[in-house]
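A quick write-up on the structure given underneath.
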Amino acid sequence: MLHLHSLRCLALAIAVVSASAAPLYQRPVNADCVQLDGGSTDVVQLYPDQWRLGGDEDVTNSFETQVTTALGFTVTYFPAYKVVNNTIAGEVYVLYQCGADAPPAASFPEGTKFFNIPLTSVSAPETVPYAFLENLGVTDRVHDVSEYVASPCGQALLACPTGSRASPGFDELSNVTALEEGVGGSIDGMLSTSASEYPKSFALSAALDPGALNRAEWIKFVGLFFNLEKEATDVFDAIKAEYDATKAAAATKEADKPVVAWAQYFSFPGLGESYQLSFDPYQTQLTEDAGGAVLDRAALAAVKGVQSTEDSPTLSYSWGEPGAFATQDEAKAAFLEALSQADAIIDETYAFDPTAYTPDTFLSTYNLTAADLAAVPAYAGKQVFREDGLLSFNAETGEYGMDWFEGAIARPGQVLKDLVRAAQPELAAKDQGFTWIRNLFTEQPAVVGASNCAAKSACSAEPATICPFVTMCAAGQAPAILESNADGTCTYAECGQASALQPAQAAQAPAPATNAAAMAGPAIVLTVLIVAFVEVLMHFC
Ligand SMILES: *[C@@H]1O[C@H](CO)[C@@H](O)[C@H](O)[C@H]1NC(C)=O
Ligand SMILES: *[C@@H]1O[C@H](CO)[C@@H](O)[C@H](O)[C@H]1NC(C)=O
Ligand SMILES: *[C@@H]1O[C@H](CO)[C@@H](O)[C@H](O)[C@H]1NC(C)=O
């Protein structure tokens, strides 16, 4: 009996081990990878200077260049790989070119994650990272998206005829087993927003940066994983140029600054109800760059009954609790007094159905009458706006998604245009539409769906080629890319011809990492893990 039992246990252990070994991810057939025939990565730069990320460059020696950005990540370029350090999330990523060997894991701190780049199949379980992938033009490399995605092409993925490509849900994001079982077999990277135990996950820490432009600049971080440093820089430069031009055109004299109030009626079970004025750093920055000014927070905070907390810049007008106003009438009066300074109001109140939120909804939600608001310039001048101008609709759940919390973070240049239009309507061209910030009195939200996705191949499995920067020739030459062709082929300068590239000098090359050395580390770890796992199971049996 005992013998049979043990045998069954062993069988079970083996079954569990093989079941938990997810299918190996297969790289699609395209020309992303370097062909090492006749060449060697020991003596050439796979990431030549002209395609590297710019930044505060600090050249340490001829084999590595460190680029530090103000954003919270650094990249160090080695001849055949790059090391990216997300100093906000506390994660280190080794990105090595497909076709070349990974550097030995033992050379890096424990917990370092390895990615074979360019990534070809990425999971985007949160909405903001998807907007960055889209801005970078790599949606053909997105495997799955959050079911709350607002972008039309994201929605198209959810509606793929071959089956919805919905990402693992929020609860699963901290469960490595669930992630590996769910999407692990289909992806080579997961772009999330925070550090994770999951080896395929890498963190876009954009939202932790309060600056509108700095957030968007994280597209350069994403670009590193696709060898699209230059493209990412071009996208960011265009966003910055748009932002700076809009800001310059909107500049106002100190005395003429229109005042913008970011307001909401807040109500949540357990958290009570209140009128609120928001002063998030990004809101203040956008308002000022639009030529406007926010309300005088310090003066308002000094009003008896107005509450604020150390960790939030929001001012709260609640009632019936210690330190708050005695009655709703008193809170309302103080709130109206604050709004009487506002030339424009951005109403941030949550609405289950933003398409049904009208000026009447505004009045009833805030429990105000038109007479109450007669002395508020923003209301009298019909300058009340909402951030719900661009929406998605999920027919299954009946819920709307707001692109304000997704695409707007990646596109601050366009956001600023919306804000100038709200703060200084006289400046905006007559026919200038809105993207996110709509006028509550005169404009309706746009609801976009999968059919608005311009990309024809949202569901296709084969991503377009990202050409390696160099090709390999004999004698350690590596001519540079001349052209990435529409048919997925890559044209390089001819072998034997002098190219713009300076191959690293062989004499100074670091000790070559042999295939065996590069592979031994991970293979041994894996074997040890499996043995330990079987032992635990058998012990248990
Ligand atoms: C990553 O950055 C952190 C914080 O600056 C630093 O302490 C750490 O040594 C860096 N790791 C690597 C591998 O560069
Ligand atoms: C993690 O996911 C696995 C597989 O879905 C599940 O069996 C397990 O209970 C989950 N663990 C936790 C802590 O939720
Ligand atoms: C509206 O405010 C008044 C006090 O100003 C209060 O008595 C009334 O209950 C409020 N109505 C709603 C629906 O909250």
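If you plug each phi of region 454-460 into the Karplus form 6.51 cos²θ - 1.76 cosθ + 1.60 with θ = phi - 60°, what whole-Hz ³J(HN,Hα) values come out, in order, with x for Gly and Pro? Working through the residues one at a time gives 6, 5, 6, 9, 3, 9, 6 Hz. A simple count of charges around Phe469, restricted to other residues whose Cβ falls under 13 Å of its Cβ and scoring Lys, Arg +1 and Asp, Glu -1, yields -2. Here the Karplus relation 6.51 cos²θ - 1.76 cosθ + 1.60, evaluated at θ = phi - 60°, turns the backbone of region 335-350 into coupling constants of 5, 5, 4, 5, 5, 5, 8, 8, 8, 9, 10, 9, 8, 9, 4, 5 Hz, with x for every Gly and Pro. Relative to the Cα centre, the charge distribution of region 244-444, modelled as +1 at Lys and Arg Cβ and -1 at Asp and Glu Cβ, gives a dipole magnitude of about 520 debye.
Distances between placed amide hydrogens fall under 5 Å for Gly291 paired with no residue 5 or more residues away or on another chain.
With +1 assigned to the C-beta of every Lys and Arg and -1 to the C-beta of every Asp and Glu, and no other charges, what is the dipole magnitude of region 50-239 about the Cα centre in debye, to the nearest 20?
Around 220 debye, computed over region 50-239.
On the beta carbon distance between Glu494 and Ala251, with R0 = 45 Å, the FRET formula returns roughly 0.30. Here the contact order of region 50-239, divided by its residue count and restricted to Cα pairs under 8 Å and six or more residues apart, works out to 19 percent. Cut-off under 19 Å on the C-alpha distance; same-chain residues fewer than 8 positions from Lys230 excluded. Which aspartates and glutamates are left, in chain and number order? Filter leaves Asp32, Asp49, Asp56, Glu57, Asp58, Glu64, Glu134, Asp140, Glu217, Glu242, Glu483. Potential lengthening of the chain between Phe170 and Cys459 amounts to 101.7 nm, from the contour at 0.36 nm per residue minus the alpha-carbon distance.
Once backbone amide H atoms are built at 1.01 Å from N, Ser201 has Met190 as its partners under 5 Å, excluding neighbours fewer than 5 places away on the same chain. Using R0 = 45 Å, the C-beta based FRET efficiency linking Glu426 and Glu321 works out to 0.60. Largest first, the residues Met402, Met190 sort by 1.4 Å accessible area into Met402, Met190. 3J(HN,Hα) along region 104-119, derived from phi through the Karplus expression 6.51 cos²θ - 1.76 cosθ + 1.60 where θ = phi - 60°, amounts to x, 4, 5, 7, 10, x, 4, x, 4, 9, 10, 10, 8, 10, x, 4 Hz, with x in place of Gly and Pro.
Maximal additional length on extending the Thr355-Glu242 stretch stands at 37.7 nm, based on 0.36 nm per residue less the C-alpha distance. Model label sites at Gln66 and Phe268, defined 7 Å from Cα along the beta-carbon direction, differ in position by 4.1 nm. Taking label positions 7 Å along the Cα-Cβ direction at both Asn452 and Glu337, the computed distance is 4.2 nm, reported to one decimal. Applying both filters, DSSP loop and at most 11 other Cβ atoms within 10 Å, to the trypsin sites (Lys or Arg not before Pro) of region 221-292 gives Lys253.
The values are calculated or read from the model by the stated rules, or taken from the named source; none is laboratory data. In this text, all values refer to a predicted model and were calculated from it rather than measured experimentally. We place every Cβ from the backbone using ideal geometry, glycine too, and count neighbours over all the protein chains shown. These accessible areas exclude ligands, DNA and RNA; they are computed on the full protein's heavy atoms, side chains included. Shrake-Rupley method; radii C 1.70, N 1.55, O 1.52, S 1.80 Å.
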